[in-house]
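To keep things clear, I will list the structure first and then write my remarks on it.
FYI, it's all coordinate maths here, none of it is from the lab. In this text the structure is predicted, and so the values were computed from the model without any measurement. All Cβ positions, glycine included, derive from the backbone under ideal geometry; neighbour counts span all protein chains shown.
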Amino acid sequence: MASPHEVPGVEPIFRHLEDEDLKTQQVRTQMHPDGQKSVWEKWFTFGSHGKQYLSMWARWDPGMIVHRHGHHSPQVMYVLSGDLMCGDVHCPTGTHIELPHGAALGPLIAGPDGVELFEVMMGDAASWAADPEGFEALLASRDITKLPDPPIDLPEDFEDRRHQ
């Protein structure tokens, strides 16, 4: 007998990192003294068609820095390989980071071998900046220049708010 909670016709969705329709997107870029660095993402599920969350794989080039920020929802990050600094906390492979709604983390700095992450945001995946002036000062201290955000393919019901 089926559970009274089971919804007829609703089935699991299976994805694989190498699925042909999962496009690797360059989402942020910076010019470092030793060349351009980026954040790359593949989105398994992204807030469209009634789905209220984002799940994704991300790869950050060595030394890539992402500003201190939060999201408009809870977020979970898991370090698959490499490492990163989250503020003053070293996060090696195997680290689980939970970011409650309303909390900020960072700045985030990829380690010397870069970092691979699995991330889930349970609601509105858009982010908000927590310390823009501190981020600008950190980049300047390392002779890093922010580059324009590369164009990305977003679900039609999601506005690109990376510039905010």
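Near the amide H of ALA126, under 5 Å away, which other amide H atoms are found, from residues 5 or more places off or on another chain, if H is placed in the peptide plane?
HIS72
Once the other residues with Cβ under 14 Å from the Cβ of PRO74 are scored (Lys, Arg +1; Asp, Glu -1), what is the net sum?
-3
So what are the range 25-145's ellipsoid semi-axes, whole angstrom, largest first, if each one is the square root of 5 times an eigenvalue of the alpha-carbon gyration tensor? Spell out each step's value before the answer.
Working: eigenvalues 104, 49, 40 Å².
Values for the range 25-145, descending: 23, 16, 14 Å.
Set the Förster distance to 22 Å, then compute FRET efficiency between LEU17 and THR93 from the Cβ-Cβ distance, nearest 0.05.
Details: r = 17 Å, r/R0 = 0.76.
With a Förster radius of 22 Å, E is 0.85.
Scanning the chain for GluC sites (Glu not before Pro) in DSSP loops with at most 13 other Cβ atoms within 10 Å, what's the longest stretch left with none?
Maximal segment without exposed cleavage sites: 21-155.
Explain nothing, just compute: Karplus ³J(HN,Hα) = 6.51 cos²θ - 1.76 cosθ + 1.60, θ = phi - 60°, for every residue of the range 34-39 in order, whole Hz, x for Gly and Pro.
9, x, 6, 10, 9, 10
Mind pulling the angle between the C-alpha long axis of helix 132-141 and the longest principal axis of the chain? Nearest 10 degrees, somewhere in 0 to 90.
50
For the range 19-33, just list the computed ³J(HN,Hα) in residue order, Karplus coefficients 6.51, -1.76 and 1.60, θ = phi - 60°, integers in Hz, with x standing in for Gly and Pro.
Each residue of the range 19-33 in turn: 3, 4, 7, 8, 7, 7, 10, 7, 10, 8, 9, 9, 9, 9, x Hz.
Just to confirm a number: summing +1 for Lys and Arg and -1 for Asp and Glu over residues other than LYS23 whose beta-carbon lies under 14 angstrom from that of LYS23, what do you get?
Numbers: positive: ARG15, LYS42, ARG59; negative: GLU18, ASP19, GLU20, ASP21, GLU41, ASP153.
For residues surrounding LYS23, the net value is -3.
For ASP153 and ALA103 in one chain, what is 0.36 nm times their gap in residues minus the Cα-Cα distance, to one decimal in nm? Show your work: numbers first, answer last.
Working: separation 50, 0.36 × 50 = 18.00 nm, distance 2.72 nm.
In short, 15.3 nm is gained.
Quote to one decimal, in nm, the extra length available between ASP113 and ASP143 on full extension: 0.36 nm per residue of separation minus the C-alpha distance between them. List each step's numbers first, then the result.
Values: separation 30, 0.36 × 30 = 10.80 nm, distance 1.97 nm.
Length gained, ASP113 through ASP143: 8.8 nm.
Quick one: 3J(HN,Hα) in Hz for the range 52-65, Karplus 6.51/-1.76/1.60 with θ = phi - 60°, rounded, Gly and Pro as x.
9, 7, 10, 10, 7, 9, 9, 10, 10, 5, x, x, 4, 10
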